[in-house]
1. Show me the trypsin sites (Lys or Arg not before Pro) within the range 9-54 that DSSP assigns to loop and that have at most 15 other Cβ atoms within 10 Å of their Cβ.
2. GLN22: net charge of surrounding residues, Cβ under 13 Å, Lys/Arg +1, Asp/Glu -1, itself excluded?
3. Quick check: pseudo-label points 7 Å beyond the Cα along Cα→Cβ at PHE148 and VAL180, how many nm apart are they?
4. Please identify the chymotrypsin sites (Phe, Trp or Tyr not before Pro) of the range 17-81 that satisfy two criteria: DSSP loop assignment and at most 11 other Cβ atoms within 10 Å. Which are they?
5. Add +1 for every Lys or Arg and -1 for every Asp or Glu among the other residues with Cβ under 14 Å from the Cβ of ASP45, and state the total.
6. Restrict the search to the range 60-106; then list the trypsin sites (Lys or Arg not before Pro) that DSSP places in a loop and that have at most 14 other Cβ atoms within 10 Å of their Cβ.
7. Let a ≥ b ≥ c be the square roots of the eigenvalues of the Cα gyration tensor of the range 46-121; is it rounded (a/c under 1.5), or, if not, prolate (a/b larger than b/c) or oblate?
8. Roll a 1.4 Å probe over the protein chains and send me the accessible area per residue for the range 1-74 in Å².
Amino acid sequence: INPRTSWGIPISELEKLPGYRQPKDQDIARAKQLVSDAGYAKGLDVELVCRAGEDCEKFAPLVKSDLAKIGLNVRLRPVPANVQDELSAKREYTMLLKRQGAAFDDPDSVMFESYHKDGVRNAMGLNAPQINEWIETQTTLTDNQARFDMVMKIQKRLLELNPSPVMTWQDYLRPRWRIVKGFKSGPLFADENLEYAWLDK
């Protein structure tokens, strides 16, 4: 879940964890050792499926460069968006780079879709019984604090399993006229309520 939303793990906490913390030397060394321990001390050639266009031209090369630091030799495979969706649904890929949006600021828009065994965006085929149970439980809780605590527990467990590494979180851009006052741009679509917005003219 986006760390800038009300349900995400705060950035200040994430920055203390491997992969998020600075500097990266220790984490890169550890990842490289894991690749070597898996039997690929001389490196491993992998194919990364990415959507043709901006994803493959701008974002994927950054991923390729980072993975090279740990011994993964990435070959980019640009494909049209519909082909990428098909490969993702059939799980016919070694590595897949894909953007994913969330319709609203609620755990179900990310957790159930991506990490539950029946999730429509569960491209990696994750089926962790404990995670499934927790996701099903949190969506039924009416106490907001209890649900928040459960969502935090799920996220921390997912960070341990790391079934689908999140490379970056992006907020959408919302231009507006200077005369618009009282409007605070929020994450995802959480700012669609314009009850407190007004025009200064």
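1. On the way: sites: LYS16, ARG21, LYS24, ARG30, LYS32, LYS42, ARG51; in loops: LYS16, ARG21, LYS24, LYS42.
Sites meeting the loop and neighbour criteria: LYS16, ARG21, LYS24, LYS42.
2. Numbers: positive: LYS16, ARG21, LYS24; negative: GLU15, ASP25, ASP27.
Charge balance near GLN22 sits at 0.
3. Using points 7 Å along Cα→Cβ, the separation is 2.8 nm.
4. On the way: sites: TYR20, TYR40, PHE59; in loops: TYR20, TYR40.
Qualifying residues, ordered by number: none.
5. Working: positive: LYS42, LYS64, ARG75, ARG77; negative: GLU47.
Combined, the nearby Lys, Arg, Asp and Glu give +3.
6. Working: sites: LYS64, LYS69, ARG75, LYS90, ARG91, LYS98, ARG99; in loops: LYS69, ARG91, LYS98, ARG99.
Passing both the DSSP loop test and the Cβ count: LYS69, ARG91, ARG99.
7. Details: a/c = 1.85, a/b = 1.71, b/c = 1.08.
The shape class here is prolate.
8. Values: 4650 Å² over 74 residues.
Dividing the accessible area of the range 1-74 by its residue count gives 63 Å².
The values are calculated or read from the model by the stated rules, or taken from the named source; none is laboratory data. All values derive from a computational prediction rather than experimental measurement. With ideal geometry, Cβ positions are generated from the backbone for all residues, glycine too; neighbour counts draw on all protein chains shown. Ligands, DNA and RNA are stripped out before the accessible areas are found, and what is left, the full protein with its side chains, is counted by its heavy atoms. Shrake-Rupley method; radii C 1.70, N 1.55, O 1.52, S 1.80 Å.
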